[in-house]
Amino acid sequence: MGRYLIRRVLQVIPVLLIISFIVFALVYMAGDPVSLMLPEEASQEEIDSLREALGLNDPLHVQYGVYIINALQGDFGKSYRYNQDALSIVLERLPQTLELAIVSMIFATIIAIPLGIWSASKQNSYIDLIATGASVLGKAMPNFWLGIMLILLLSVNLAIFPVSGRGTLMHIVLPAITLGTAIAAEMTRLIRSNMIEIMQQDYVRTAKSKGQKDSIVTYRHAFKNCLIPVVTIMALQTSGLIGGALVTEVVFAWPGMGQLLVQAVNARDMAIVQACVFVIAVAVILMNLLADIIYRMIDPRIKYE
Amino acid sequence: MSTNSAMEPGTSMEEQFEVSKGINPWIRWFKLLLRSKTGTTGFIIVLTVCITAIFAPQIAPYDPDAMNPANMNAPPVWLEGGTSAHILGTDSLGRDMLSRVIYGSQVSLLIGVFSVIVAGSIGLVLGILAGYYGRWIDNLLMRVVDAFLAVPNILLLLVILGIFGSNLITLILVLGVTNWVIYARLVRGEVLTLKERDFIRAARSIGTNDRTIMFKHILPNVFSSFIVISTLSVATTLIIEASLSFLGLGIQPPTISWGYMLSTGRDYLATSWWLATFPGLAITITVLGIIFLGDWLRDVLDPRSQGRRP
Amino acid sequence: MMKRRFWLMLLVLFMGTMFLAACGGDSEETASPNDHETDSDVEGEEDTDGATDDNTEVNSLVIGVGADMASFDIHNHNATNTEAIHINIFSYLVVRDGDGGFDGYLAESFENVDETTWRFVLREGVQFHNGEELTAEDVKFTLDRVRTDETLIEHNNFNQIAEVNILGDYEFEIITEGPEPILLNRLSKIGAGILPKNYIEEEGWDHFLSNPIGTGPFKFNEWRRDDRVVLERFDNYFGGDVTEWEEVVFRVIPESSTRVNELLTGGIQIAENVPPAEWDRVNNNEGTSIVSGPTTRVMLLTLKQEEQYATSDIRVRQAIDYAINNQAITEHVLAGKGTPIQSRVTPGSTGAHPDLYDVYNFDQEKARALLEEAGYGDGLEITFNSPQGRYMMDTEVAELIRGMLSEVGITANLEFMEWSNFVDMHSNGTNEEMYLVGLGNSMFDAALGMTSFHSRAAHRSGYANPELDALLDAAETNMDPEERHELYLEAQEIVVRDMPFVFLYQVENISGITDGIDYEPSVDELIYIPNINRN
């Protein structure tokens, strides 16, 4: 396990280097933000003088060198919009997005596990059909659409939940449902197919033939083995979850990283964009690493060559 | 973890074998399809959408671009104030909704299909190369794959499209460039197992050159899983396109796409709901059809899922 | 065993989340438990007018805005929505009186001694939010910063000031580089707030940015980025008791339908920038309504006049003008909120031309004839760029213009651009025949409005007219208000004749409000809280 872990961690280094290369390429191609910093009615002299003053006329290799050295130290530069260290701004927002992501994941798990198992154990029944249909629908709906509909129905018409913002527990319900639905749909499908596969395996059949009750077989034997894929699925969804948060946060005015990033891109605040991409990438990589470890904890039989 | 979904309700392996004895492969496939309710539904939906897209100019009652400021936000025919002239009503500039939904299918499908082709080609080539040659090529490629997987797709799309601006071609290319990793991973995995199979070893031992092995022997064998993933990707792309439109980075008018219509219609949801609902329904139904079809394809094509079944 | 471990893990995850959520809840100060609708209106116990609405405490005002403010560096931003908040914290020396003149604000009196010298006397007893008194030192400190530091975005609007001389505790003079007829306009716009010298020098600039103080009626309380800015009433405000609101919350809600939904459910009392599609919903809802007011922003089409473009022919430009039915745009797309105009200088600004307001040309026959005459009888194809989502209904307006042009035989290839790319094009003049843009006038003076027509700005349009240049140059340094006015009227007439741009309409600012709030969007697009009352 130890050696495996070290190898996994070492693999992260080239991955981060590749990401940094992609990000630099993007930032370089983005050009400079000067024209965005000035109003529409600004004159050419104003633009030129500000560009010179900000040192944006340095040659490419100078900019590149500065970038690599700084990035290695976790310094992505100052956000020109906030005039503050970009990484600290992003890290300030990370908990809000994590909070939303975790609650969404819990929502998705709570929905998906019973639904997936249930529809697998009652294969081809109406329940199965409804569950399958619902999970396909969940995938087939863009989440901004779902979010707006939920607000109209549950906030405006029924006045159960607040419309937007972050604050009390009630505030997180709608964004978490919005973000969690697609994940729940994906998980339901995967759990169902895994369960079906497991139920056809020999030891389950043996248990059944021994005359054990269906429900016991389902939960004690099949479900246990189903946990492993569930954990992996949860980890694999991290990336999708954070991606979905981009849109969900805008709909619900949730002050997380997603909104920060959307605005940074619009304003070409590339320091923030770089820091955001890095922080998200590291978060996803960590989640996958964590999943590997949990995977092993749950099932010690897995060998790491 | 396996990627196989369950069997289609009502399709057991025995039946499939029976069917596969048919002589004409098209008829065989068609009969196979008819065995599955969801597969048939999916096929009909996808076929309808394709026909709509191809024959849009013949089907659409109006020019989707013809504006009429005096007849804005007219409701569908079955609502009060609706007329049979505009069955699904008109949009915020008085354009015929039905015609726009019909024409929207063109661009939506175009994006879906071509971005998958771009992503698939990149992934296929790199995946085969990595799987076949192994060593540092494989190592490097897998790290690049990890890098892409660590950055959520929509984030990359947001940054790239935000910088370069969005039109049909860039959108297709960027969707392709950000989506190739799943194909590369899949193909690489398949190639790794295939490489050890006897017929490839045999080919190698008689001195067949690498390119021939890759294209004559490996490619056809990878194809079935490839087609399954591609089908499902088209569905995902439709959803992503709509989300990009929401963020202001999707298809730009006057090009008409469902995603764009859905996202601009959201401001009218509480007043003129038909502006967003019809393109939204079009997306949902199409995605539904594609998923059904894709699931069926997976059950039929995936050799592993067949082998494992009794 | 495995199962137990799994559920344990879930439980830990869940509790972690609860903890996070609870932390978020705690920082909400004292949210009343039964009031989940609005977590923002939590302070204040008094309940004067019989609690007409349980969701809104009487002395807290919540305003939903579309974008977060940029910074508390008043010299390093140029965003109206940021100034809209700053105006409550920082005060100007003078303010516009609405008739083209100025009233003293922090300045008790001011006088133009000669062409380049202005003398000011400050009010005595003006307090910063930390209790220190405002003196001429603070004014010099503030103006020196912005006029000397070239990296500041507002630098170019203040570098006309050559020096600031302190004459006494409350007296100072401003010397300009040359005759500067619009100095007072500059002193009453973005970046003209007065900063506390001692506070900044003692605590440092970074401390100031996160704990800003000024002399305004409200003091800073909290800024949670992309979430809210909270201001508290400053009870020692020099203007006295000017507002009933004890707390103001600017909530950032980017999605306009969400903003409207918050308004309808009572989460906010004012929703800024409500799109036309929502007006009926707001007006038909009991307890909310739409209010609107004009701005200085004018939507227009910039036309490229370099030789290789068809739009270099004045007949083509006129044809475009005649092809567009400005009234149809304002009536149908903007539901009447907008006024056709033929100039960039809107009523209320110095130098506004009364004959160019609420007029437009529309004559499709004439447009066709002009095209025929120009040699484009068989049709003309031009490129048409437009931003998307920047101005209210910009997408629809651009599409409608494309449709109107096609009716007279002009094929406009409409290309929407993402804002940053659009601004790039606009700033560098890389545009082709035509693009749609909205230009504001934060100085409320024709001087700023007319700069786009001077040959100095020719990189966008390629338009240059020596006669107009001479007029504008003369007006820029003319200290006689009457003469300046005449010069600008004449200049605008030349612009209408030459038609380098096609003017469309004056933009209106549209907000949704809760009944019981007396609010009128202001022409400068700022949200000055003392002007908002409960009725």
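Below are the figures for this structure:
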| read-out | value |
| --- | --- |
| Among residues of region C:412-443, those that are within 13 Å of chain A (Cβ to nearest Cβ) and of a type in the set (A, V, I, L, M, F, W, C), counted | 9 |
| Any hit, region B:302-309, residues being open to solvent by 10 Å² or more (accessible area, probe 1.4 Å) and at pLDDT 75 or above | no |
| Evaluation of B:Pro254 against (1) part of a helix (DSSP H, G or I); (2) surrounded by fewer than 20 Cβ atoms within 10 Å (Cβ to Cβ) (one fails), failing number | (1) |
| Residue in region C:320-357 that is most open to solvent (accessible area, probe 1.4 Å), counting only those that are of a type in the set (D, E, K, R) and under 20 Å from the mean Cα position of the chain (by Cα) | C:Lys337 |
| Hits in region A:87-146 - residues which are in contact with a Cys (Cβ under 9 Å, 6 or more places away or on another chain) and basic (Lys, Arg) | A:Arg93 |
| Qualifying residue in region C:360-383 (condition: within 30 Å of B:Arg266 (Cβ to Cβ) and within 23 Å of the chain's Cα centre (by Cα)) | no |
| Unique match (being modelled with pLDDT under 80, more than 20 Å from B:Ile163 (Cα to Cα) and crowded, with 16+ Cβ neighbours inside 10 Å) among A:Glu45, A:Glu99, A:Glu41, A:Glu52 | A:Glu41 |
| Wholly enclosed helices (runs of 4 or more DSSP H) of region B:160-251 bearing at least 2 residues under 17 Å from the mean Cα position of the chain (by Cα) and modelled with pLDDT of 80 or more | B:168-195, B:219-246 |
| Answer from B:Ser99, B:Ser92 - the residue that is of a type in the set (S, T, N, Q) and part of a loop (DSSP other than H, G, I, E, B) | B:Ser92 |
| A:Ser104 modelled with pLDDT under 85 and either at the interface with another protein chain (Cβ under 7 Å from one of its Cβ atoms) or surrounded by 23 or more Cβ atoms within 10 Å (Cβ to Cβ) (or both) | no |
| Residue list for region C:266-281, restricted to those being within 13 Å of chain A (Cβ to nearest Cβ) and surrounded by fewer than 22 Cβ atoms within 10 Å (Cβ to Cβ) | C:Gly266 |
| Test: residue in region C:153-160 that is of a type in the set (D, E, K, R), open to solvent by less than 40 Å² (accessible area, probe 1.4 Å), in contact (Cβ under 8 Å) with a residue 12 or more places away in the chain and in contact with a Ser or Thr (Cβ under 6 Å, 6 or more places away or on another chain) | no |
| Residues (surrounded by fewer than 17 Cβ atoms within 10 Å (Cβ to Cβ), aromatic (Phe, Trp, Tyr) and within 30 Å of B:Thr178 (Cα to Cα)) located in region B:78-121 | none |
| Helices (runs of 4 or more DSSP H) contained in region C:415-464 and holding at least 2 residues open to solvent by 20 Å² or more (accessible area, probe 1.4 Å) | C:419-428, C:458-461 |
| Among residues of region C:358-382, those that are closer than 23 Å to C:Ile329 by Cα, touching a residue at least 40 places away in the same chain (Cβ under 8 Å) and surrounded by fewer than 17 Cβ atoms within 10 Å (Cβ to Cβ), counted | 4 |
| Selected residue (only one of C:Asn76, C:Asn59 is in contact (Cβ under 8 Å) with a residue 12 or more places away in the chain, more than 23 Å from C:Val242 (Cβ to Cβ), among the polar types (S, T, N, Q) and in contact with a Ser or Thr (Cβ under 9 Å, 6 or more places away or on another chain)) | C:Asn76 |
| All positions within region B:236-284 that are aliphatic (A, V, I, L, M) and more than 8 Å from chain A (Cβ to nearest Cβ) | B:Leu238, B:Ile240, B:Leu244, B:Leu249, B:Ile251, B:Ile256, B:Met261, B:Leu275, B:Leu281, B:Ala282 |
| Residue tally, condition at pLDDT 85 or above, surrounded by 13 or more Cβ atoms within 10 Å (Cβ to Cβ), among the aromatic types (Phe, Trp, Tyr) and over 30 Å from C:Ile329 (Cβ atoms), over region B:12-71 | 1 |
| From B:Ala282, B:Ala242, residue being open to solvent by 10 Å² or more (accessible area, probe 1.4 Å) and of a type in the set (A, V, I, L, M) | B:Ala282 |
| Failed item, numbered, when C:Asp394 is tested on (1) open to solvent by less than 20 Å² (accessible area, probe 1.4 Å); (2) modelled with pLDDT of 90 or more; (3) in contact with a strand residue (DSSP E or B) (Cβ under 7 Å, 6 or more places away or on another chain) | (2) |
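Yes/no matrix, rows are residues, columns are (1) closer than 23 Å to A:Leu17 by Cα; (2) at the interface with another protein chain (Cβ under 8 Å from one of its Cβ atoms); (3) surrounded by 24 or more Cβ atoms within 10 Å (Cβ to Cβ):
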site	(1), (2), (3)
A:Thr232	no, yes, no
A:Leu236	yes, no, no
A:Gly240	yes, yes, no
A:Ala245	no, no, yes
A:Thr248	no, no, yes
A:Trp254	no, no, yes
A:Leu261	yes, yes, yes
A:Ala271	yes, no, yes
A:Phe278	yes, no, no
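Yes/no per residue for (1) outside the structural domain of A:Ala245 (by TED's automatic domain parsing); (2) out of contact with any strand residue (DSSP E or B) (no Cβ under 7 Å at 6 or more places or on another chain):
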site	(1), (2)
A:Phe76	yes, yes
A:Glu99	no, yes
A:Ile113	no, yes
A:Ala131	no, yes
A:Gly165	no, no
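Every residue, every condition in (1) without any contact (Cβ under 8 Å) to a residue 12 or more places away in the chain; (2) surrounded by fewer than 19 Cβ atoms within 10 Å (Cβ to Cβ), yes or no:
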site	(1), (2)
A:Leu154	no, yes
A:Ala159	yes, yes
A:Val163	no, no
A:Met170	yes, yes
A:Ala176	no, no
A:Ala182	no, no
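The values are calculated or read from the model by the stated rules, or taken from the named source; none is laboratory data. Because the structure is a prediction, the values reported are computed rather than measured. Ideal geometry is used to build each Cβ from the backbone, glycine not excepted, and the neighbour counts take in all protein chains shown. Ligands, DNA and RNA are excluded from the accessible area calculation, which covers all protein heavy atoms including side chains. Shrake-Rupley method; radii C 1.70, N 1.55, O 1.52, S 1.80 Å.
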